[in-house]
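Reviewing the structure listed below.
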Amino acid sequence: MNYKNFLSNNDNIDKKKLMDELKKYKKENEEMKNKINLLTSENMKLKNDLSNANEIISNFNRNNQQNNNISHLNEIINNKDIEITNLKLQLKKRNINVNMVNIDDIIVIQFISTDQKINCAIKTLKTDTFAEVEEKLYQKYPEYRETNNNFIFKEKIILRFKTVFENNIQDGDKIQLLNDV
């Protein structure tokens with residue numbers, strides 16, 4: 001039943017009062033619809049803001065994790081640098097030269113003894129003294145340390161305290177060991 005029929009059937013009700021009340025409720029209803037629409041719009045905006053905030057937090061967490069990984073890697077690098085420094089100090093204490101060697105400065109000298117017991121190649125540097133090379137030979141053949149030895153190269157006696165280069169010894173040259181028993 002609609003309100004006009006209701007009003008015509010009930011003459012004793014104040015029609016104007018009811019109409020005013022109806023208008024009032026219609027107006028309130030319209031205001032409520034507007035508020036609902038406004039709140040729905042604000043809700044959508046808040047949902048978008050929340051989604052953006054969650055994305056920002058996610059990116060922050062990802063960046064924070066990457067920063068933690070970078071910090072961890074930097075810590076490893078720093079520890080390795082400290083380890084390298086300590087090893088260099090240990091080498092310095094032992095008087096070991098940590099400089100790099102030019103590969104062209106490495107030569108091999110062939111030693112041959114007159115008694116034919118030695119036929120051996122020794123790696124050395126051109127800048128080593130012949131005494132250092134001789135020591136390498138004695139490390140392989142310690143029994144020759146007990147004898148008086150001379151070394152001949154190109155029919156000349158090698159001078160022990162000159163460098164390999166100063167003795168004109170080249171890569172692959174053969175040195176004869178003469179020992180006095």
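Please treat every number below as a calculation from the coordinates, not as lab data. Nothing here was measured: the structure is a model prediction, and the numbers come from that model. Positions of Cβ are generated from backbone atoms using ideal geometry, with glycine treated the same way; all protein chains shown enter the neighbour counts.
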query: Of Phe165, Phe60, Phe153, how do they rank once you tally other Cβ atoms within 10 Å and put the fewest first?
result: Phe60, Phe165, Phe153
task: Work out how much length Ala131 to Leu22 would gain on full extension: take 0.36 nm times their residue separation and subtract the Cα-Cα distance, in nm to one decimal.
output: 27.1 nm
- prompt: Any idea how far apart Leu46 and Asn34 come out in nm if each label point goes 7 Å out from Cα toward Cβ?
  reply: 2.1 nm
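Classify the range 103-180 as rounded, prolate or oblate, taking a ≥ b ≥ c as the square roots of the eigenvalues of its Cα gyration tensor: rounded when a/c is under 1.5, otherwise prolate if a/b is larger than b/c and oblate if not.
prolate
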- line: Ranked from fewest to most other Cβ atoms within 10 Å of their own Cβ, Ile82, Ile122, Ile152 fall in the order Ile82, Ile152, Ile122
message: For the pair Ile56/Arg145, report the inter-label distance in nm, with labels modelled 7 Å from Cα in the Cβ direction.
response: 7.7 nm
query: Each label point is 7 Å from the Cα along the Cα-to-Cβ direction; what then is the distance between the points at Arg160 and Ser71, in nm?
result: 6.2 nm
field: Correct option for P(r) over Cα pairs in 10 Å bins from 0, in percent [calculated from the coordinates] among [x] 9, 39, 39, 11, 1; [y] 7, 17, 11, 8, 7, 6, 6, 6, 5, 5, 5, 5, 5, 5, 2, 0; [z] 10, 37, 38, 15, 1
entry: [y]
- line: Going fewest to most other Cβ atoms within 10 Å around each Cβ, Ile109, Ile103 line up as Ile103, Ile109
message: Please give me the summed charge of the neighbours of Glu42: other residues whose Cβ is under 12 Å from its Cβ, Lys and Arg +1, Asp and Glu -1.
response: +2
- prompt: Which entries in the list Lys88/Lys136; Lys92/Lys162; Lys93/Lys123; Lys93/Lys126; Lys126/Lys154; Lys93/Lys140 go over 22 Å, if you measure between the two C-alpha atoms of each?
  reply: Lys88/Lys136; Lys92/Lys162; Lys93/Lys123; Lys93/Lys126; Lys93/Lys140
